[in-house]
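The values are calculated or read from the model by the stated rules, or taken from the named source; none is laboratory data. The model shown is predicted, which means the values in this text are computed figures rather than measured ones. Ideal geometry is used to build each Cβ from the backbone, glycine not excepted, and the neighbour counts take in all protein chains shown.
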C-alpha cells in the first residue's frame, strides 16, 4: 500500500486525538514513510525541522525514527550546492563571491577569507 503525505497527516491527527502532546504508537509502514519522505525533502534542501513540520510530527520524533531505522543523521547536514562555470580567481585577488543556501551573498573575498567564512558557517 502506498501512503501519501495527506494520508500520513490524517493518521497523525487520528493518533493524536485530543492530546496536547504525544500520540498512540505508529505502525512500521507509517514510520518508514515518514523517514523516507523526510530524507527526500532534506536531500532537496529542506531542513529536518521543516520536513518534520510538513509531516505534522515533532523533530525529535522524526530523529528518533531515523535512528530506529538506521537512517543516517548526517542527512540533516546536506546543503544545496550550485556549481558555476566561472573561472577561479588568482590567490589574493579579492574577487571571490560566496552565496549561502539562504541566499546571502558576500563578495570581494580572497581565498583565505572565503575559507574562513565557510568554516564559520558550517
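So in the range 55-71, with the set limited to residues that are within 12 Å of the chain's Cα centre (by Cα) and in contact (Cβ under 8 Å) with a residue 12 or more places away in the chain, which one is surrounded by the most Cβ atoms within 10 Å (Cβ to Cβ)? If we take residues in the range 55-71 being within 12 Å of the chain's Cα centre (by Cα) and in contact (Cβ under 8 Å) with a residue 12 or more places away in the chain, then 62 is surrounded by the most Cβ atoms within 10 Å (Cβ to Cβ).
From the list 30, 46, 78, the one residue that fits, being more than 29 Å from residue 121 (Cβ to Cβ) and either within 11 Å of the chain's Cα centre (by Cα) or modelled with pLDDT of 90 or more (or both), is 30.
Tallying residues that are outside any helix (DSSP H, G or I) and farther than 30 Å from residue 81 by Cβ within the range 9-55 yields 11.
Within the range 92-105, the set of residues being farther than 30 Å from residue 38 by Cα and either at pLDDT 85 or above or surrounded by fewer than 10 Cβ atoms within 10 Å (Cβ to Cβ) (or both) comprises just one member, 92. Residues in the range 106-122 that are assigned to a loop (DSSP other than H, G, I, E, B) and at pLDDT 80 or above: 110 only.
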